[in-house]
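Working notes for the structure below.
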Amino acid sequence: MASNSNASQTFTCALTGLTPLTDAVVTPSGYICSRKLLLTKLSENGGMDPFDTSRTLDESTLVDLTSSDSAVAPPRPPTATSLPSLLTQISTEFDTVLLELYDTRKSLEETRRELSSALYQNDAAVRVVARLVRERDEARGALEEFLAKGSVAPPTAAAAATDGGEGAKRSEKRAAPVEEDAPPSSKKPRSNNDAAVAEDLSKIPQDTLNTMTSTWEILSKNRRTIAKKSKRSKEQIAEQDKLLAEKLNGEEKKVNLGKSTAKAGVLCVAKISTSCHLNGVGGDEYIVSGGHDKQSIVYNVTSGQIVATLSGAGGDVTAVSGMVVTDKVMLVGTGSSDGLVRLYSVPIASGGDDEVQLLGSEQLGKGEGVVPVSVVVHFSSTAESATVIVGGSDGSVNVFKFSESRFKLITYLKSEDGINFSSGCIHPDGLIYAAGTTTGKLLIYDLKTQAVAGTLEGHDGSPINCISVSENGYHVATSSSGESPIHIWDLRKLKLSATITPPSDVGTVASLAFDPMGLYLAYSGEESTKVCVVKDWDRVVSSLSKTKTGTKGNNAQAAPTCGGVVWGGKGLEEDGGKVWIAAGCDGEKPIRFWGVE
């Protein structure tokens, strides 16, 4: 009898590792444990066998190991304040701790297995990456050795140079008096050194790259300063949002910069920046526009006067850019539908006798209908030596150089076959070029290595029609001619960080621009222009008037396509909070200004 009464004490509970006193049971899977603890566990996991999760477990399937003639009598129900009650509570808590300890040990074992598997996969990935890096370096070394031997020359070099010369001659025949003073760059014989440079257009010449890199060092410091200023408290955000709305929501100003007899339409607008090598030169702000009238107009926003009219293009002017390089001269680059890229020197000093001068022109591609989708006068440009970066519709990045009275192609970077560009933009640091493709991809070029640093895919395969990079260099905004929303990319992580679905009264977005401090984003469509807050992208702080009202009834006209939107001023924290926006569109002659007196 004694052995029967103590039988349960010879077993060990599989859950706790202790000996059950009076309630030892056996599960169908062959484990011995305390009935009380096991029932508690079943209530927690929904009736699943804790030792075999593929089957359910019911109390009726348990086999009791306690002798039927046990001498232990059940205790009487204690009262709430009795010592037995306290002991029962302690026992219950102890049982709970044991169950948690069992779950913890089980979880720890699973975690160890997962960690072991993850470490193995990471080790394999590291070996694969190391192998790929080694193969890449070997391929680069072989390519450099092959090019150093002079065994091959890109077939586009000679053709581009030849076509460029012929294009320059054609433009001189068509040009207004502006072109008459242009240097006959195409007639100047090439030296042996020039021929050697032209043989390899796959890399940016080292002297040009050194100049761009030194400029990058200056611009990156300015960008970090802008990034620090962009950190605002909630009170500052609310105050600046209100100030911006007050400045932009006033009466708009219309300025007609095109020919009165030409087809209405502004196809491109750009803010003329000031070289980082100039400190405190002038306070005037300028824009340059182009359109169907085959000419570009430089406009002084501060004084409200037209500075220069750049004529001579053989087609619609589709891309413009400019930079003030001295206190007396600015450089303006243009691209037109005839495939020609032109660089002008425009005097800005009042009362001077200097005239606008065409520094040179070059044809893109091989004359096969390649047109410029973007033109950028690089930040390192000076009056004596200028660099112009042009994106071609054939999927090429072209670098032109003006030096020693000659304007020529020095670098030709071609993307993969089948890729065509539809837009382009330069990073504020000057060493990254972003190109939008007709298939919705965004290619990020590292100009320092002349290679694609990343490819971002979006917009459901629709062509990217506009790109804008924030002044702090972190965000890249892209829009598409399709129905996809505006995409906001994080350039640091090379991934999509947000999307913006424009309101219905905007229409198809065709132009984007960040403000000078990188705090706001303006986007323009067929119907209107909106200004939203960076990082709070869906919050619109200003809604500007429609670009074109049209007429009603049967004579109603389709809304025109936006031809560009730009910001002016130095930001809400600089120059007394002066800020303005200008926008033009295809189908309208005037350019609209908001925030300009």
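The values are calculated or read from the model by the stated rules, or taken from the named source; none is laboratory data. From a predicted model like this one, the values you see are computed outputs, not experimental measurements. Cβ placement follows ideal geometry from the backbone for every residue including glycine, while neighbour counts extend to all protein chains displayed. The protein model used for the area step is the full one, side chains on, heavy atoms only, and it has no ligands, DNA or RNA in it. Shrake-Rupley method; radii C 1.70, N 1.55, O 1.52, S 1.80 Å.
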*Can you spot a residue in the range 487-500 that is assigned to a loop (DSSP other than H, G, I, E, B), under 24 Å from residue 517 (Cα atoms) and either open to solvent by less than 10 Å² (accessible area, probe 1.4 Å) or modelled with pLDDT of 95 or more (or both)?*
no
*Some residue of the range 270-279 being in contact (Cβ under 8 Å) with a residue 60 or more places away in the chain and touching a helix residue (DSSP H, G or I) at 6+ places or on another chain (Cβ under 7 Å)*: yes
_Residue list for the range 471-486, filter: in contact with a Ser or Thr (Cβ under 7 Å, 6 or more places away or on another chain) and either surrounded by 21 or more Cβ atoms within 10 Å (Cβ to Cβ) or within 27 Å of residue 216 (Cβ to Cβ) (or both)_ = 472, 477, 480, 486
*Restricting to strands (runs of 3 or more DSSP E) lying wholly in the range 302-407: which have 2 or more residues that are under 22 Å from residue 213 (Cα atoms) and within 28 Å of the chain's Cα centre (by Cα)?*
317-324, 329-336, 372-377, 385-392, 396-403
*Could you tell me whether residue 508 is open to solvent by 20 Å² or more (accessible area, probe 1.4 Å), under 25 Å from residue 424 (Cα atoms) and either in contact with a His (Cβ under 9 Å, 6 or more places away or on another chain) or modelled with pLDDT under 90 (or both)?*
yes
*Is there a residue in the range 40-54 that is modelled with pLDDT of 85 or more and open to solvent by 80 Å² or more (accessible area, probe 1.4 Å)?*
yes
*Within the group 235, 239, which residue is in a helix (DSSP H, G or I) and under 24 Å from residue 544 (Cα atoms)?*
239
*If only one of 218, 237, 287, 226 is open to solvent by 20 Å² or more (accessible area, probe 1.4 Å), of a type in the set (A, V, I, L, M, F, W, C) and modelled with pLDDT of 85 or more, which one is it?*
218
*Leading residue by the ranking (least open to solvent (accessible area, probe 1.4 Å)) among those in the range 585-594 that are at pLDDT below 85 and either farther than 21 Å from residue 317 by Cα or not charged (D, E, K, R) (or both)*: 585
*Please list, ordered by first then second residue, the pairs with beta carbon atoms under 8 Å, 6 or more apart or interchain, first in the range 298-310 and loosely packed, with under 14 Cβ neighbours inside 10 Å, second assigned to a strand (DSSP E or B).*
304/255; 305/299; 306/297; 306/298; 306/299; 306/300
